[in-house]
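In what follows, a single structure is set out as structure tokens and then discussed.
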Amino acid sequence: MGTIFSFEYMIKSFPTLLSMVDVTILVTVVSEFFAIILGCIIALTRINAIRLLDKVCAVYVSFIRGTPFLVQLYLICFGMPQVLNYFGMENPRSIPGILYVFLVMSLHEGGYIAEIMRGSILAVDKGQMEAAKSIGMTGYSAYTRVVLPQAFRMAIPALGNNVVSTLKSTALIFNVGVVDMMRRAELMGSFSYRHLELYIDIAVIYICLCFLVQLGTMMLERCTRMKNSTVS
Amino acid sequence: MIKLENFHKSFGSTEVLKGVSIEVPTGSVTVILGPSGSGKTTLLRSINFLEPADKGTMILDDKVFDMAAASKKEILEVRRNTAMVFQNYNLFANMTALENVKEGLVLVQKMGRYEALIKAEYYLEKVGMINREHFYPVQLSGGQQQRVGIARALALNPKVILFDEPTSALDPELVGEVLEIMKKIAKEENSTMIVVTHEIGFARDVADQVIFMEGGVVVETGEPRDIIENPKEERTRKFLARFSNR
Ligand SMILES: Nc1ncnc2c1ncn2[C@@H]1O[C@H](COP(=O)(O)OP(=O)(O)OP(=O)(O)O)[C@@H](O)[C@H]1O
Ligand SMILES: [Mg+2]
């Protein structure tokens, strides 16, 4: 091992690591999709004070917010197979690890998005719901056609932040056996002993991804603001 | 015809409606007058269950509704046969003027897209808003928003349209345009209208019936000329005196 830092190795490794970025993106997109659905359901359950279920949701949200993500990851990925096994499933460890990861991340981000959406749904003027009801819309239509679109628009910056945080959390999933950039870097480093170069590559990839998400968020925000806004 | 019998409503321990009964014949305009806090808004909102009454019966044409025990289905039925024009317009902020009017036609009345478009444009034309049909609510003045609000209500061809102080949030110079539209539809559309307003002039010119409410009860009912020019009740006289002084 000659030089302290090999620029050449860093450049050379970059494409190899970047080739694993699809796992990161896939996990982010899939989990964020289910997390938004889950978050909306929880938010609506709490806002409409649906008996018992709203208490369950409140406990759920405080559990998600009150425990480290890594603990939740281990709980599901290592704990759940044990439970499935107990309930008679033959070989729960044969389920691909990435499916467990989809599950944990959706559950985790869903808890955060529930709070984001709750805030923004409550911020939609009450009169919007009343107007929808007054023309005979069902509660479901009133939410999907009138209240939620406005709530989402208000939530765009916060949801963007949430996507960024989901993205960054994906750096932990190699701990449960999913092969992503982090895992690849670990393997490559164990041969080359050039960890610094590899993790700088990874940091660069994450920075670029986060930047793209923030850019997308800003553009989305701008084009919805131009069209219309709730301030009247 | 819409008929309310013995409407009661309390918020906590304060009784806001203390047995209100009114009848509005089809195609007629009823104006409800009364001081602040007399329960006018609450009465209108109890008609379409935005604020369900504790007790009362409503007859809408030939259907009878027990207001305290209405099922979800009945509530929807009432809402689909009535429409409301709100004090602060409440246009759907995420939709253009045209979409605001079309929404109920397509989603609630299951009308075809094209048919709904034609109908929505017809009513926007009627309220003089066709040249702003693709504007969002924030891009419209209060008076323009309220005219769209009226078009949204009208387009549904409801059995009765409820107006809750439709001009009181407007700048004075915009009040006239909205009152004109309301006069016009009273004449041309033959809509059954219940209007809560402080515009005595509108009551005198347009109403077929004026109801004076105070403290959660109907104090006096009659033709506009009788109520406004020579009210029988002392309380009505006192209330109206405030307007003639201005
Ligand atoms: N949601 C509510 N909760 C508690 N009290 C209410 C509620 N809505 C109305 N009230 C009370 O009921 C009474 C009647 O109110 P309402 O709005 O029906 O009066 P109004 O005749 O429309 O008055 P205004 O001319 O000021 O609009 C008032 O004393 C008001 O404070
Ligand atoms: Mg009122």
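Of the residues that make up the range A:133-151, is at least one basic (Lys, Arg), part of a helix (DSSP H, G or I), more than 25 Å from the chain's Cα centre (by Cα) and at pLDDT 95 or above? Step through it out loud before you land on a result.
Taking the range A:133-151 first, the residues basic (Lys, Arg) are A:133, A:145.
Okay, now just the ones that are also part of a helix (DSSP H, G or I), so A:133, A:145.
If we keep only those that are more than 25 Å from the chain's Cα centre (by Cα) as well, we get A:133.
Okay, now just the ones that are also at pLDDT 95 or above, so A:133.
Yes, the range A:133-151 contains at least one residue that is basic (Lys, Arg), part of a helix (DSSP H, G or I), more than 25 Å from the chain's Cα centre (by Cα) and at pLDDT 95 or above.
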### Hits in the range B:83-114 - residues which are assigned to a loop (DSSP other than H, G, I, E, B) and facing another protein chain (nearest Cβ under 10 Å)
B:86, B:87, B:88, B:89, B:90, B:91, B:92, B:93, B:94, B:95, B:96, B:109
### Task
Select from the range B:97-136 the residues that are free of Cβ contacts under 8 Å to residues at least 40 places away in the same chain and touching a Lys or Arg at 6+ places or on another chain (Cβ under 6 Å) and write down the one among them that is nearest to residue B:177 (Cα to Cα).
B:129
### Message
As an exercise: evaluate residue B:139 against (1) within 16 Å of ligand 1 (Cβ to nearest atom); (2) free of Cβ contacts under 8 Å to residues at least 24 places away in the same chain and give the number of the one condition it does not meet.
### Response
(1)
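Which is among the polar types (S, T, N, Q) and within 18 Å of residue A:139 (Cβ to Cβ), of B:96, B:26, B:82, B:41?
Going through B:96, B:26, B:82, B:41 in turn, just one is among the polar types (S, T, N, Q) and within 18 Å of residue A:139 (Cβ to Cβ): B:82.
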### Message
With crowded, with 16+ Cβ neighbours inside 10 Å and within 15 Å of residue B:70 (Cα to Cα) as the only criterion, which of B:33, B:50 stands out?
### Response
B:50
#### Entry: Residue ranges of strands (runs of 3 or more DSSP E) in the range B:1-69 with at least 2 members touching a residue at least 12 places away in the same chain (Cβ under 8 Å) and within 15 Å of ligand 1 (Cβ to nearest atom)
B:2-11, B:14-24, B:29-33
### Query
Which ones in the range B:1-57 are within 16 Å of ligand 2 (Cβ to nearest atom) and among the basic types (Lys, Arg)?
B:9, B:40, B:45
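For residues that are open to solvent by 30 Å² or more (accessible area, probe 1.4 Å) and either more than 20 Å from residue A:164 (Cα to Cα) or within 14 Å of chain B (Cβ to nearest Cβ) (or both), tally how many sit in the range A:119-153. It would help to see each step written out before you state the result.
Within the range A:119-153, the subset open to solvent by 30 Å² or more (accessible area, probe 1.4 Å) is A:119, A:122-123, A:125-126, A:129-130, A:133, A:138-140, A:143-145, A:149, A:152-153.
Imposing the further condition that a residue be either more than 20 Å from residue A:164 (Cα to Cα) or within 14 Å of chain B (Cβ to nearest Cβ) (or both) reduces the set to A:122-123, A:125-126, A:129-130, A:133, A:138-140, A:143-145, A:149, A:152-153.
Residues meeting the conditions: 16.
Tell me yes or no: at least one residue of the range B:191-206 is over 21 Å from residue B:24 (Cβ atoms) and part of a loop (DSSP other than H, G, I, E, B).
First, the residues of the range B:191-206 that are over 21 Å from residue B:24 (Cβ atoms): none.
No: zero hits.
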#### Entry: In the range A:154-192, the residues that are of a type in the set (Gly, Ala, Ser), open to solvent by 20 Å² or more (accessible area, probe 1.4 Å) and without any contact (Cβ under 8 Å) to a residue 24 or more places away in the chain
A:190
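The values are calculated or read from the model by the stated rules, or taken from the named source; none is laboratory data. Note that the structure is a prediction, hence the values are computed from the model and not measured. Please note: Cβ atoms are built from the backbone with ideal geometry, for glycine as well, and neighbour counts cover all protein chains shown. Remember, those area values only see protein heavy atoms, side chains included, never the ligands or the DNA or RNA. Shrake-Rupley method; radii C 1.70, N 1.55, O 1.52, S 1.80 Å.
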